[in-house]
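Accompanying notes for the structure given below.
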Amino acid sequence: MTLLTALALIAAWWLWRHRRPRTGAGASAAARARQLRTPLVRLADLVGINTRAGRQARNWDAGAVGEERAAQRLAPLARQGWTLRYDLALPPGEGPANVDALAISPNGHAFLLDPKLWSSRHPVAVRAGRVHHGDHDVTRRITSALAEAAAVSRALGVTVPAIVAIEGAPLVGPHGRPTAELQFRGVRIVPAEVLPAVLREAARIPGPRRAVDLVAAADRTLPPYNRR
């Protein structure tokens, strides 16, 4: 196969993948990965050249997988009367970020969910007022959920707490000991596998508004991100 033929096939595949945006869990992250994988980047991947865009695309792919896995874990809640919305746009003026997931309980609680898929080779810990994944400072990736939760709270007219669900990486507390949960500036950080149980426990008592009103407000003010 000649180089020109390979480029033509990759370009055709790239155009086909971009024909229509998908929606739902992980949609925005997957779309960003596709945008980064131009035909030249894909060709570089094929021949083993490590590019910055290729690394970024792999990170976005991991984000999409984390969101999809969270949606699978949360699916039983939908059968118990919860309303789940994925990959939502913030209201105009609230910034370009998207909401990975919003969960509304049958008794009127709303939660902003931020799933993360991080390597299991390194633990997540809070040290010296910062959040670290191994040696990497990931504080901004945690506090971004807090800003999004504040915007969603304004949109829905109720306080919407933020919960970050970590897939893969273990959580450790003081002295490196395993822990079931971390807290950072009001954000709860929990293992992804316990997220449904955490939500059920947090929504034990009735919430501030009827669930039907919260769902209506969410559908009115937080449209799907890829359909803005």
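None of the figures in this text is laboratory data; all of them are computed from the coordinates on show. Note that the structure is predicted; figures quoted are calculated from it, not measured. Positions of Cβ are generated from backbone atoms using ideal geometry, with glycine treated the same way; all protein chains shown enter the neighbour counts.
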Please pull out the direction-averaged projected area of the stretch 139-228, using the convex hull of its alpha-carbon atoms, in nm² to one decimal place.
7.3 nm²
Got a sec? Which residues in the stretch 198-228 would a label at GLU181 touch, if it sits 7 Å along Cα→Cβ and we count backbone N under 15 Å?
198-205
Contact order normalised by residue count of the stretch 126-206, Cα under 8 Å, 6+ apart, percent
24 percent
Of the listed peptides 177-187, 123-133, what is their order by residue-averaged count of other C-beta atoms within 10 Å, with the highest listed first?
123-133, 177-187
Of all DSSP beta bridges located in the stretch 91-199, what percent are antiparallel, nearest 5?
55 percent
Quick check: net charge around SER105, other residues with Cβ under 10 Å of its Cβ, Lys/Arg +1 and Asp/Glu -1?
+2
